[in-house]
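Visitor: Have a look at this one.
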Amino acid sequence: MLCLCFFIRFVRCISAEVKYSFPEEMKRGYVIGNMAKDLGIDVKGLSDRNARIDTEGDRKRYCELNLKTGELTVAERIDREELCGDEVSCILKFELMLEQPLELHRVSFQVDDINDNTPFFSKQMIAFEISESAIKGARYRVNEAHDADIGQNTVQHYVLEKNNHFSLSVISNTYGRKYAELVLEKELDREQEKEVKLILTAIDGGTPPRSGSVAIQVTVLDANDNAPVFSQSVYKASLPENSLQGAVVVSVSATDADEGQNGKVTYEFGRISVKARRLFSLDQDNGQITVSGQIDFEEASVYEIAVEGKDAFGLSSETSVVIKIVDVNDNTPDILLKSLRTPVPENLPPGTEVGIINVQDRDNENKQNVHCSIQQNVPFKLVPSMKNYYSLVIASELDREQVSDYNITITAADEGSPPLSSSKTINLSIADVNDNPPVFQEQFYNSHVKENNKPGSTVCTVAATDPDWRQNGTVVYSLFPSDVNGAPVTSFLSINGDTGVIHAVRSYDYEQFKSFKVLVLARDNGSPPLSSNVTVSVFIMDENDNSPQILYPSLEENSFMTEMVPKAAQAGSLVSKVIAVDADSGQNAWLTYHIAKATDSGLFSISAHSGEIRIQRDISESDSMRQNLVVSVKDNGQPSFSATCVVCLLISDNLAEIPELKDMSYDESNSKLTFYLVIALVTVSTLFLTFIIIILAVRFCHRRKPQLMLDGAVTIPGAYLPPNYAEVEGTGTLHSNFNYDAYLTTGSRTSDFKFITSYNESMLPADLTQEKVQTSLNDLEGLDASMMPFDHLFGAAAIPNAYIPSNYTEVEGTGTLHSTYNYDTYLTTGSCTSDFKYARSCNEVTLPADLNMKRVPPALNELEGLGEVTTESDPVRLFSHSLVQLFYILCS
């Protein structure tokens, strides 16, 4: 099917054969025609498709194609006579080849003859011997003038110089060529004139005409009245090419009716081409034409020669000899590589064309039928595309890693007898494509590393290979980004990107982690890059770097443990147990117990593996009541580590029997705690009495100075701050969109935000700044009566907990309200100015962002009635509340 598609494609292309006609002898660069325009081909595609003119065999390239303009120009001087000789039609055939896809166009050039050759005669002088007895009207044939041009440009007529004896008659032969005959007009008289000299001129029909002349010398003799006559008007002969020199082609024969010397005939070539004169010779005595040069059918298949027969006195006749050259299968097929794509990328699919092969055979007919083939062990095949053209296509998938180049031998054989063949070897390289990822030599890697290793030490080496070529096969190693125990893998390992050697970044501790896994990536440098990965498992090998740790008895400083042993305990009874662990593993964690020192070495024993302390014998009255055992715990590592502890054993059935417990029960920390409690009690009592005195003094001063407005800022002790308020230092932006009710103190003439809380009734824009403004006096009305008892406490108004709203948040200092809400401001009576102290939010009106609330002096009418409220308040209730607050502070 593929072959059929190629065939149909080429048939379509060849059907548009282009023919051009131009004169011979044109200068180099002469524009013959525009092939791109005539064939309907885009000029821009000529260069991309590698357009070119191909000739058959080793013929000269007489024309060339301009890839930029598509014009066909003359490349070499063209001489029609040299190329085609006497042939009337001189046609040169070429092929225009285009690739991607393959197209072939036939191009024919008709070379027109111009009058560039002058007629000439084969002899510089023609001699005639005519008898004086010749009668008037006798004719004498003159050798034909030769003109290499054809048609109108060849010899058209002859002109004879004026004389007294001869006239000229021009005659055309059967081939259209013209020759001249001298016609005797006046009898010759030897006694008057022995010689007659004439000038004959041959003129062609070109523009301007060209001419050639020859001298004719007529010698007057005695009578000879018969001219030679050939046996045939035309002689035909067949001559195989490659005939040996000296081989007889044909023999011509002419007879003369005269006798003696007048009847002897000699032969010579008449009209003959230069090429034929080199190949053939004529025996002037017997008329045999023999081979004198190398006959080649491929150069010329027919030769036509004129032979003249002449007697001794100048009478002559002419005959034609036609020699047909017979083709012999003497030429092996020529294999021409028209196009080859090398190197070939290995990822091209089967069926892709990589080359164009042309096979030519100069022999004729069936011998030109050439069959082309290649060997069977290559992944390529030849697909006939048209006559004598083959496409070299990929037959199966290519793999450069298996075979990097191919030597393809193409064999061409004709159908001659015997058949001739030829071969040509083509080297085709395969270009590498990055189609192979790196492959690790092992499916996974395990590495065992001892703990406490040195940073920078080698953990293991990974190796991957890539069969691709050059950069496609260059492998670079890296660690896949991941975490090991919550830390980046690069904090544990590093890898050499070129060699694949993995190094430890830090020292490992078996007790922290026993193993971990990482992914190692191997990536090549192809485009696009390919990669593969492998798992590297790192196992930490334990070393004996940890001493045994005794859990029981406890080894804390200033503490010891004592075990009671009944006096009636029998031998083998378990009295205590030492418990120890080792952070190491394996044999490094195998612990053995033994008693290093004892009050009575024979009374107790310890199990080497379990640490159980047992009585070896029955207890006697002579044994000491207090037994101290120094137990040593040792691991099985190399080198081994050990730890010791002291086990105190009391042999008694009753604690009262042990006078040493008094010393043992003494605890220095308990005595210190008692000391601190005594100090605290004295301090609390002192502060309580001081507070009572201050309360009485404040009440006494308040009665003497009831005015409301005092100098200085309001100071509220921490004891009176509501527990659910947040104090904010400074004044600034309200950061939340809430309404705030603000309470003002009376300790100064300005108001500061002190305590704030929000409630969500209406929103304010974010980051609204409220400036401080002086509070009007009328805003303080009624505050004096309610707050009068506290306006002199610590130099500023003090607000007891009973007057602080329960849903407020305490904020230290004066500053920005952190919620952008509206605030209602309440004033205290500690001074003539109002400070923001307590605030609660209400969602009634939304304020713009960053609105500053200015401080304003309180109006006097707002303070009316405050004194009455204060005097009417219950002093007992206030006093009891103050005691509770003081007690709370002391306890804290």
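The values are calculated or read from the model by the stated rules, or taken from the named source; none is laboratory data. Since the structure is predicted, the reported quantities are computational estimates derived from the model, not experimental observations. For neighbour counting, all protein chains shown are included, and Cβ atoms are generated from backbone atoms with ideal geometry for every residue, glycine included. Please note that ligands, DNA and RNA were not included when accessible areas were found on the heavy atoms of the full protein model with its side chains. Shrake-Rupley method; radii C 1.70, N 1.55, O 1.52, S 1.80 Å.
Visitor: Quote the relative contact order of the range 342-501 in percent (integer), defining contacts as alpha-carbon pairs under 8 Å separated by 6+ residues. The partial results should precede the final answer.
Guide: On the way: 270 pairs, mean separation 31.0, N = 160.
Over the range 342-501, the number comes to 19 percent.
Visitor: Now, a different point. For residue 292, what residues show an amide H to amide H distance below 5 Å, using hydrogens built from the backbone and excluding near sequence neighbours?
Guide: Amide H to amide H, under 5 Å and 5 or more residues apart or across chains, residue 292 pairs with 246, 280, 281.
Visitor: Pull up all non-local amide H partners of residue 26: gap of 5 or more, or a different chain, and H-to-H distance under 5 Å with H placed in the peptide plane.
Guide: For residue 26, whose amide H was placed from the backbone, the distant partners under 5 Å are 78.
Visitor: Can you work out D for the range 252-403 in µm² s⁻¹ from Stokes-Einstein, where Rh is the Kirkwood radius over C-alpha pairs, the temperature is 10 °C and the viscosity is 1.306 mPa s? Display every interim value, and only then the final one.
Guide: Values: Rh = 20.5 Å.
D, rounded to a whole number, is 77 µm²/s.
Visitor: So how many Å³ per residue does the convex hull of the Cα atoms of the range 66-211 work out to? Can you show the working numbers first?
Guide: Numbers: hull volume 18.0 nm³, N = 146.
That works out to 124 Å³ per residue.
Visitor: Using +1 at the C-beta of Lys and Arg and -1 at the C-beta of Asp and Glu, which of 269, 280, 319 has the Cα lying farthest in the positive direction of the dipole of the range 252-325?
Guide: Going by the charge dipole, the pick is 280.
Visitor: Find the relative contact order for the range 168-317 and round it to a whole percent, using C-alpha pairs within less than 8 Å whose residues are 6+ positions apart.
Guide: Relative contact order here is 20 percent.
Visitor: Could you tell me the calculated FRET efficiency between residue 653 and residue 674, based on Cβ-Cβ distance and R0 = 51 angstrom, to the nearest 0.05?
Guide: Plugging the Cβ-Cβ distance into 1/(1 + (r/R0)^6) gives 0.95.
Visitor: OK, next. Can you give the Rg to Rh ratio of the range 80-131, both from alpha-carbon atoms, with Rh computed by the Kirkwood formula?
Guide: Values: Rg = 21.4 Å, Rh = 15.4 Å.
Computed over Cα atoms, the ratio is 1.39.
Visitor: Return the distance in nm (one decimal) between the two label points of a simple spin-label model at residue 583 and residue 226, each offset 7 Å from Cα along Cα→Cβ.
Guide: Here the answer is 14.6 nm between the modelled labels.
Visitor: Additional query: For residue 339, what is the net charge nearby, where nearby means another residue's Cβ is under 12 Å from its Cβ and Lys, Arg count +1, Asp, Glu -1?
Guide: Numbers: positive: 49, 52, 338, 341; negative: 54, 99, 103, 353.
Charge balance in the 12 Å sphere: 0.
Visitor: Using the Karplus curve 6.51 cos²θ - 1.76 cosθ + 1.60 with θ = phi - 60°, what ³J(HN,Hα) values do you get for each residue of the range 414-430, in whole Hz, with x for Gly and Pro?
Guide: Going residue by residue, I get 8, 10, x, 10, x, x, 10, 9, 8, 9, 9, 9, 10, 9, 10, 8, 9 Hz, with x marking Gly and Pro.
Visitor: Oh, and also: Ordering 490, 342, 154 by accessible area with a probe of 1.4 Å, largest first, what comes out? Don't skip to the end; give the middle numbers.
Guide: Working: 490 95, 342 70, 154 35 Å².
Final ranking, largest accessible area leading: 490, 342, 154.
Visitor: Straight distance only, please: which lysines reach the Cα of residue 454 with their own Cα at less than 29 Å, same-chain residues fewer than 8 apart left out?
Guide: Within the straight-line limit of under 29 Å, residue 454 reaches these lysines: 514, 517, 634.
Visitor: Just going by the charge dipole of the range 459-605, with Lys and Arg at +1 and Asp and Glu at -1 on Cβ, which of 473, 574, 507 is farthest out on the positive end?
Guide: The one lying farthest along the dipole's positive direction is 574.
Visitor: Report, please, the projected area of the range 339-488 averaged over directions, based on the convex hull of its C-alpha atoms, in nm².
Guide: Details: hull surface 54.5 nm².
Answer in nm², one decimal: 13.6.
Visitor: What pairs from 27/387; 123/162; 19/178; 27/123 go past 27 Å between their alpha carbons? Intermediate results must be reported in sequence, preceding the final value.
Guide: Numbers: 27/387 34 Å; 123/162 21 Å; 19/178 33 Å; 27/123 33 Å.
Over 27 Å apart, Cα to Cα: 27/387; 19/178; 27/123.
Visitor: Which far-off residues, 5 or more places away or on another chain, put their amide H under 5 Å from the one on residue 232, with H placed in the peptide plane?
Guide: 253
Visitor: Using a 1.4 Å probe on the protein chains only, how many percent of the accessible area of the range 420-540 belongs to carbon and sulfur?
Guide: Numbers: 3080 of 6260 Å².
Roughly 49 percent, rounded to a whole number.
Visitor: Please report the carbon-and-sulfur percent of the accessible area for the range 42-132; probe 1.4 Å, protein heavy atoms only, DNA, RNA and ligands left out.
Guide: 45
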